[in-house]
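Some notes on the structure that comes next.
The values are calculated or read from the model by the stated rules, or taken from the named source; none is laboratory data. Everything quoted here is computed from the prediction, not taken from an experiment. Note that we place each Cβ from the backbone using ideal geometry, even for glycine, and neighbour counts take in every protein chain shown.
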Amino acid sequence: MEIEATYCEAFDGLVVGLYITASDETRLKQAAYNATALPSTVFGESEGGIERWLKERETPDGRKGALIQVWVNYDEGAPKKLEYELSKRIRQGVLVVPTTSVFNALDSPERIDTMDRIGHCGDGYESIEQRFGRKVIVVPIMMGEFVLERYVSYKKGVMGGNLWFFCESVASALEAGEKAVAAISDVEGAITPFGICAAGSKPETNYPEIGPTTNHLYCPTLKRRINGSKVPDGVTCIPEIVINGVSLESVKEAMRAAMERVRDVKGLVKISAGNYGGKLGSSKIFLKELMG
């Protein structure tokens, strides 16, 4: 199995870390998946992922939980953008799920006050209380109350680390992808916002009005229809694993763990990564350096 002498290109982002808790596993999973669905930073919005599932002893209120991350691209207006995007995901993804609560999970001096865009969902009937050793907003809802920590922290992190797996079949691609995602879930501070991503994109496009489009040079079904295809003979699937992390080191460790985990997958012929010629990202992560 070949490791290509290339690198991935990663970008700066802002991240919020949250604990979501609920009374039972069904409600917890619904809220966690709701809040982290639909990666869309390429459209100026946000993306999220589940870092790991938590036992009762690991959450502020002693219930089962999920540790999630929500991200926006980093620029001058990123803190306000993050506040807005976070409010949508909590209001529409978590608050509406019965028995849920949300707490801060990051240690950072930079904070968002959740009252204006989320707490006031109580229409003025919300209250500020001290619970579980934290200052929370209690929002009355039609199935009891929604509890939300008043201040949630954010910090600068790294987005867009990635790996490409060149595989002989769909089965080998799925096996490699699942093993990689599982390995990354064991790395503190890292998430995979897409899971196994079936459709890598490229910066140039014939249809700018819809944003990034298919990376045609790496589409196996186009190999014999276009000039310059970069799909090797025998490769029929190239899944991409995208990684965000609270630090550059967490992204590197996640990539390293994923590469180690997939080494023995039958039908995986090469590991590579996507980049844009070093022109767009703030960090370059070289695959061969990761493997020592």
Study note, to complete from the structure: Selection over region 21-59 where residues are of a type in the set (Asp, Glu), without any contact (Cβ under 8 Å) to a residue 40 or more places away in the chain and buried (at least 24 other Cβ atoms within 10 Å of the Cβ) yields a count of 0
Exercise for review: Considering every residue within region 67-74, establish whether at least one is over 11 Å from the mean Cα position of the chain (by Cα), part of a loop (DSSP other than H, G, I, E, B) and surrounded by 15 or more Cβ atoms within 10 Å (Cβ to Cβ).
Suggested key: yes
Check your understanding: Looking at (1) closer than 29 Å to residue 262 by Cα; (2) modelled with pLDDT of 95 or more, which is the only condition residue 1 fails?
Key -> (2)
Check your understanding: Being outside the structural domain of residue 33 (by TED's automatic domain parsing), in a loop (DSSP other than H, G, I, E, B), surrounded by fewer than 16 Cβ atoms within 10 Å (Cβ to Cβ) and not charged (D, E, K, R), is that true of even one residue in region 279-289?
Key -> yes
Exercise for review: Working carefully through the options 230, 155, find the one that is under 19 Å from residue 8 (Cβ atoms) and of a type in the set (D, E, K, R).
Suggested key: 230
Review point. Within region 214-229, is there a residue that is in contact (Cβ under 8 Å) with a residue 12 or more places away in the chain and either assigned to a strand (DSSP E or B) or under 18 Å from the mean Cα position of the chain (by Cα) (or both)?
Key: yes
Exercise for review: Under 7 Å between Cβ atoms, at least 6 apart or on separate chains: pull out the pairs that start in region 72-95 with a residue that is closer than 16 Å to residue 147 by Cα and assigned by TED's automatic domain parsing to the domain that holds residue 29 and end on any residue that is hydroxyl-bearing (Ser, Thr, Tyr) and in a strand (DSSP E or B).
Suggested key: none
Exercise for review: Kindly provide the set of residues from region 104-133 that are surrounded by fewer than 17 Cβ atoms within 10 Å (Cβ to Cβ), among the small types (Gly, Ala, Ser) and under 26 Å from the mean Cα position of the chain (by Cα), ordered by number.
Suggested key: 108
Practice item. Answer yes or no as to whether residue 269 is more than 21 Å from the chain's Cα centre (by Cα), assigned to a loop (DSSP other than H, G, I, E, B) and of a type outside the set (Asp, Glu). Key: no
Exercise for review: With respect to residue 101, determine if the residue is surrounded by 16 or more Cβ atoms within 10 Å (Cβ to Cβ), in the same structural domain as residue 38 (by TED's automatic domain parsing), touching a Pro at 6+ places or on another chain (Cβ under 9 Å) and among the hydroxyl-bearing types (Ser, Thr, Tyr).
Suggested key: yes
Exercise for review: Specify which of the listed residues (201, 172, 153) is polar (S, T, N, Q) and either exposed (fewer than 13 other Cβ atoms within 10 Å of the Cβ) or closer than 21 Å to residue 66 by Cα (or both).
Suggested key: 153
